[in-house]
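Okay, structure first, notes after.
The values are calculated or read from the model by the stated rules, or taken from the named source; none is laboratory data. As the structure is a prediction and not an experimental result, all values here were calculated from the model. All Cβ positions, even for glycine, are placed from backbone atoms using ideal geometry, and neighbour counts span all protein chains on display. Heavy atoms of the whole protein, side chains included, go into the accessibility calculation; ligands, DNA and RNA do not. Shrake-Rupley method; radii C 1.70, N 1.55, O 1.52, S 1.80 Å.
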Amino acid sequence: QVQPVESGGGSVQAGDSLRLSCAASGYTYAMGWIRQAPGLEREFVAGVRWNDGYTYYKGLKGRFTISRDSAKNTVYLQMDNLMPSDTAVYYCVLARHYSGVYSNTNENYYSDWGLGTQVTVSS
């Protein structure tokens, strides 16, 4: 099993859109995105359960949309109307199995992490 690989980050202006992609290998129970802004703690953004496509968010639904392509084992994060406060490193995360210990919005739910992709939004 190879760690998830993110792509699609970059530098944009406020109000622009970006789509992040993340490809994974091996069995997938759920995938998601966690971000970390400079000087702040990591923050869960969105997740999707692989078998049925159920999506879940923490605070950002409406501007961010997560989706998956099961055939490609790829998860996407569509980010619209970006704001400077969205500037962060975005990590793709993957859970191989269901966890009865942690919530699916807790970073400990996810065993595999990508290296991260930088998103910078300027005003």
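In the range 98-112, which residues are open to solvent by less than 50 Å² (accessible area, probe 1.4 Å) and either of a type in the set (Ser, Thr, Tyr) or on the phi > 0 side of the Ramachandran plot (or both)?
Residues satisfying the conditions are 99, 105, 109, 110.
Within the range 78-111, track down each residue that is more than 13 Å from the chain's Cα centre (by Cα), over 14 Å from residue 40 (Cβ atoms) and of a type outside the set (Gly, Ala, Ser).
Hits for the range 78-111 are 80, 81, 82, 83, 96, 97, 98, 101, 102, 108, 109.
Just name the residue that is surrounded by the fewest Cβ atoms within 10 Å (Cβ to Cβ) out of those in the range 39-62 that are of a type in the set (Lys, Arg) and modelled with pLDDT under 95.
61
Taking the conditions exactly as written (assigned to a strand (DSSP E or B), more than 30 Å from residue 123 (Cα to Cα) and among the hydrophobic types (A, V, I, L, M, F, W, C)), does residue 48 satisfy them or not?
Spelling it out, residue 48 is indeed assigned to a strand (DSSP E or B), more than 30 Å from residue 123 (Cα to Cα) and among the hydrophobic types (A, V, I, L, M, F, W, C).
Considering (1) assigned to a loop (DSSP other than H, G, I, E, B); (2) without any contact (Cβ under 8 Å) to a residue 60 or more places away in the chain; (3) in contact with a strand residue (DSSP E or B) (Cβ under 7 Å, 6 or more places away or on another chain), say which one residue 104 fails and leave the rest.
Residue 104 satisfies every listed condition except (2).
Provide a single number: the residues in the range 66-97 that are among the hydrophobic types (A, V, I, L, M, F, W, C), out of contact with any Asp or Glu (no Cβ under 6 Å at 6 or more places or on another chain) and either open to solvent by less than 50 Å² (accessible area, probe 1.4 Å) or at pLDDT 95 or above (or both).
9
What's the total number of residues in the range 54-77 that are more than 14 Å from the chain's Cα centre (by Cα) and among the hydrophobic types (A, V, I, L, M, F, W, C)?
Selection size over the range 54-77: 1.
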